[in-house]
Amino acid sequence: MILFWTGLVVTIIGVLILVMGGISFQMRALSNKKPWDGHTRPLLGYGLLTFIIGIGIFLPGIIHLYNMA
């Protein structure tokens, strides 16, 4: 059960970081700056990495809970 909740929280954090990267991209594009500079790339990189790690933790937890039912 802890595996499920840990994976879910890490996945949600990854999604939130990806959203922050998207917002950074949009705000830089609207202000006529280069959209891929600044914090955009690091946020998208860390967000993608966190999301993949979260899914890697989350899926075995789901499979375990499914097999227990």
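Of note:
- Some residue of segment 34-45 being surrounded by 15 or more Cβ atoms within 10 Å (Cβ to Cβ) and touching a Leu at 6+ places or on another chain (Cβ under 9 Å): yes
- Residues of segment 13-52 satisfying the condition of being within 12 Å of the chain's Cα centre (by Cα) and among the aliphatic types (A, V, I, L, M): I13, V15, L16, I17, L18, V19, M20, L43, L44, L48, L49, I52
- Checking Y66 against (1) exposed (fewer than 14 other Cβ atoms within 10 Å of the Cβ); (2) aromatic (F, W, Y); (3) touching a Ser or Thr at 6+ places or on another chain (Cβ under 7 Å), the condition it does not meet: (3)
- Filtering segment 7-33 to residues that are of a type in the set (K, R) and surrounded by 14 or more Cβ atoms within 10 Å (Cβ to Cβ) leaves only R28.
- F4 fulfils the conditions (1) surrounded by 14 or more Cβ atoms within 10 Å (Cβ to Cβ); (2) not in a helix (DSSP H, G or I) except for a single criterion, (2).
- Unmet requirement for I17, which otherwise passes all of (1) touching a Phe, Trp or Tyr at 6+ places or on another chain (Cβ under 7 Å); (2) not in a helix (DSSP H, G or I): (2)
- Whichever residue in segment 16-69 is among the hydroxyl-bearing types (S, T, Y) and in contact with a helix residue (DSSP H, G or I) (Cβ under 6 Å, 6 or more places away or on another chain) and, among such residues, is nearest to F4 (Cα to Cα): T50
- Any hit, segment 32-48, residues being at pLDDT below 95, of a type in the set (S, T, Y) and part of a helix (DSSP H, G or I): yes
- Enumeration of residues in segment 46-58 that are exposed (fewer than 15 other Cβ atoms within 10 Å of the Cβ) and not β-branched (V, I, T): L48, L49, G56
The values are calculated or read from the model by the stated rules, or taken from the named source; none is laboratory data. This structure is a prediction, so every number in the text was calculated from the model and none was measured. When we count neighbours, we look across all protein chains shown, and the Cβ atoms used for this are built from the backbone with ideal geometry, even at glycine.
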